[in-house]
Every structure is written in C-alpha cells, then in structure tokens.
Amino acid sequence: MPKGSSDIADLRLVVLKKTIESFMTPPNLYYMNRFPSDQNESDSIEWETVTGTRGLTPFVAPGAPAPETAPIGHGAGRAMSAYWKEKLFYDENFLNNLRQVGTRQVYMPAAKRLARDEKMIKNRCERRKEWMFAQMMTEGSFTYVGRGEIQLSVDYGVPTAQKVTLAADRDWDTGSNRNILEDIMDAKLALKNSVGATVSHAVCTTEVLNYMIMDPGIQTLLAKSAFGAGDLFARPVQVLGNLLDIPNFVIYDEQYQVKAYLTAVVTGSSTVNIYVDETTDFVEGGTLRLHDTSANTYEDETISSVTHESGYVTVSTAPTASFKAGEDYVTMTRKFISEEKFAMYCERVEGELIAGYLEAPFGLARNYGMKVSRWDINDPEGTYVMVENKGLPVLFRPEGLYVMDVT
C-alpha cells in the first residue's frame with residue numbers, strides 16, 4: 001500500500017466529511033432536535049441560570065432618584081465540557097477492495113460497508129449528545145470522564161421539590177391509592193407557581209403510557225367524555241394530551257447500548273462484581289448482558305450497583321456460566337429516559353428557551369461541533385477514521401422542569 005489511502009476517492013477527507021455530514025441527525029433523537037446550539041469560547045462552560053424574575057418595579061415619589069435593583073435570582077452554572085470520540089480501522093485488504101473501481105462485485109460491497117460504518121459512527125456520536133440532554137432533562141445531573149480519566153459530574157440545580165418519587169401506595173402501576181390525574185395536575189400547578197409558565201411538553205415511555213391508559217380512573221373519566229374509552233386505546237397520546245391540556249405529549253422509546261470488555265475473569269455461580277474496562281454509562285437497575293464470544297451465548301443479570309472508582313459492576317445474582325477477561329464482554333441496552341419516569345417541562349419561560357447546548361473548541365484548529373478526521377499507519381498497514389465532539393447541554397431555567405418517578 002505505497003500510497004496509503006490518499007488515492008482512494010471514498011476515503012479522501014473532504015469526501016468523508018461531506019458523506020458523514022449528509023447523513024441526517026436521527027429524527028427519533030428527541031431532545032437534541034428541540035434545543036439550539038451555540039459556541040463557547042473555552043472548554044470551561046458557564047451559563048446563567050434565572051429564577052424568581054417576576055418582581056415589581058417599586059413606587060417612588062416624583063422627582064426622587066430611582067432605587068437600584070439587582071438581577072434577582074440570577075446565578076451561574078459552571079462545568080467542564082464533555083469530550084467524546086471514537087475511531088474505525090480499515091486494513092489493507094479492505095482498502096485494496098475500495099481501489100478496484102472496475103470490479104463492481106468487489107468494490108460495491110466495500111463501498112457500502114464504508115457508508116454503513118460512517119452512518120453508524122455519526123449516529124453513535126449524536127446519541128452521546130442526546131444522552132446528555134436526556135440526563136439533564138429527566139435526572140437533573142450526569143457523570144462523565146474528564147482530563148486524566150477523572151470522573152466529573154454536573155448538577156443543573158433542579159429544585160428537589162420538582163424531582164418527586166411517589167410513595168408506594170401512589171405507584172401508577174399497583175399503588176392502592178394511585179391517582180394519576182391528581183399527580184399530574186399537582187405537578188402542573190407546581191410548575192405554574194414556580195415559573196409562571198404553562199407546561200408545554202410531557203415525555204414518558206410506552207411502559208408509563210400503559211399505566212395511564214389502563215388506569216380505572218382515567219378510563220372512567222374518558223368514558224363520560226366526547227372521546228370515549230375506544231379512542232383512548234386507539235389514539236392514547238392524542239386523547240391523554242387533550243385530557244391533561246398538555247400540547248405536546250411525547251412517547252419516547254429510543255434506546256442506546258453500552259458495551260465494555262471484561263478485565264477480570266467471571267467465575268460461574270460465584271462472581272457478582274464484574275470488572276470491566278469502562279463503567280461510566282452502566283446504571284443501577286439496568287440489565288447486564290454477559291456475552292461468551294467463543295460459544296456465542298449470553299446471560300442476563302440485573303445491575304444492583306456500579307462502583308466507578310474501582311471499575312466494576314455488581315449484579316444481584318452471580319451468572320451461571322463463566323466468562324473470560326479480554327475476550328468476553330458485557331452490554332446494557334437502555335432507553336434514554338427511564339421506564340419509571342414521567343417528565344414535564346415548560347419549553348419557554350418569559351419567551352426564552354429553558355435549555356440549550358454550548359459547543360466547546362477542541363484541537364489546535366479550535367474545531368466546533370462534530371469533526372471527522374482520517375490518517376494512515378504503516379504497521380499494520382491501514383487507515384483510521386475518527387469522529388469527535390465536545391460540548392455540554394445547559395439548563396437556563398431549572399425550575400422549568402418537573403420529573404416524577406411513578407413506579
């Protein structure tokens with residue numbers, strides 16, 4: 001491969017950039033498609049938070065000087081920007097197939113694989129950004145990796161009173177005293193009193209939607225309405241959105257997958273602490289799937305805790321089979337928002353969006369947004385293609401969120 005990849009049209013940097021940029025951001029990534037991006041001057045992100053701005057200008061006597069006032073309720077949020085990247089490697093055999101432009105049966109499969117890989121790596125990059133937005137809008141905080149592999153966290157200051165866990169007897173699934181409509185109306189009133197704005201969006205998964213449409217109280221109420229019980233089951237999103245007077249009632253079931261390789265042996269019927277090379281995105285309550293690559297089998301266990309500092313995930317029950325370090329791996333597939341949450345927010349308060357995204361500069365060229373790069377290596381001969389991005393979602397009006405854990 002004396003020319004490296006410079007003579008391959010599909011791998012020229014300008015072509016790579018145009019190809020990857022031409023792929024649309026997946027429309028099913030809800031949050032990042034709602035809020036705009038702006039550029040920040042450095043990787044230290046600062047944003048202004050605003051609360052309690054509904055004051056009154058005081059009366060004064062004619063001819064008297066105006067009293068001074070301060071920007072009541074203004075504060076500052078600060079956090080280091082998050083940075084994420086990954087790369088693909090193409091060996092000389094694959095690259096030589098891309099060179100054979102006159103041999104369609106060889107060239108076309110290679111070109112299709114390259115396009116598929118480019119779309120995949122862009123979507124993975126966008127999903128990381130969506131994950132941060134989802135954590136901000138439904139958890140109020142998240143943890144990520146900073147310089148020196150240090151675990152960093154950002155807390156957006158959502159009021160504790162607006163991150164509610166329902167009592168067991170109010171559980172929307174089996175609670176003996178559940179009252180879904182009352183819980184939602186109380187939350188809407190709390191947001192109205194907090195920021196003076198009306199709830200514009202409610203977001204939940206299909207699991208929570210099912211609790212709502214199967215609720216006897218909601219069914220009884222709608223049976224007496226113009227909608228009727230039949231419409232509740234035929235078009236539940238529209239019916240419940242109208243019933244609750246929430247203009248945008250969104251069912252969000254998009255998922256992401258986390259993968260990590262084992263760094264220590266897992267002994268069957270014994271090991272509950274599963275050591276892996278990266279723990280950042282594993283969460284308590286998730287399902288850990290252990291994959292045996294040689295046997296092409298897997299086993300599922302529930303995550304009981306995650307110890308980021310020591311690099312292991314604890315499962316509630318030891319797996320039956322044994323798994324090898326460095327060869328076998330684990331995955332966790334999870335929805336961007338928890339199946340236990342019902343989240344509401346006011347998209348605008350006093351005419352301004354409550355959230356946004358700040359891009360941070362990276363690289364010597366001070367790049368902003370997703371960047372694509374490519375380089376060759378000689379031993380083994382091949383080419384790397386990499387995407388990277390840097391930034392942080394920000395929340396200007398933390399009191400504009402209300403999130404309930406409903407089960």
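What follows draws every value from the coordinates through simple rules; no lab data is involved. Quick caveat, the model's predicted, so the values are computed rather than measured. Glycine also receives a Cβ, built like all others from the backbone with ideal geometry; neighbour counts cover every protein chain displayed.
List of remarks:
- Trypsin sites (Lys or Arg not before Pro) lying in DSSP loop within region 329-378, provided at most 13 other Cβ fall within 10 Å: 366
- P(r), alpha carbons of region 255-335 - 10 Å bins starting at zero, rounded %: 21, 61, 18, 0
- Calculated FRET efficiency for the pair residue 59/residue 115, C-beta based, R₀ 51 Å, to 0.05: 0.15
- GNM flexibility winner over the chain from 262, 191, 353 (Cα, springs under 10 Å): 262
- GNM top mover of 331, 302, 293 - the chain, alpha-carbon springs below 10 Å: 293
- Highest-fluctuation residue, 81, 37, 316 considered, GNM on the chain with Cα pairs under 10 Å: 316
- When the C-alpha to C-alpha distance is required to be over 21 Å, the pairs from 18/371; 87/259; 335/371; 87/112; 163/390; 18/112 that qualify are 335/371; 163/390.
- Lys, Arg +1 and Asp, Glu -1 on Cβ, resulting dipole of region 255-335 about Cα centre, debye, nearest 20: 160 debye
- Correct choice for Rg/Rh (Cα atoms, Kirkwood Rh) that was computed from the model, options (1) 0.94; (2) 1.03; (3) 0.97: (2)
- Förster radius 25 Å - calculated FRET efficiency between residue 155 and residue 333, Cβ distance, rounded to 0.05: 0.40
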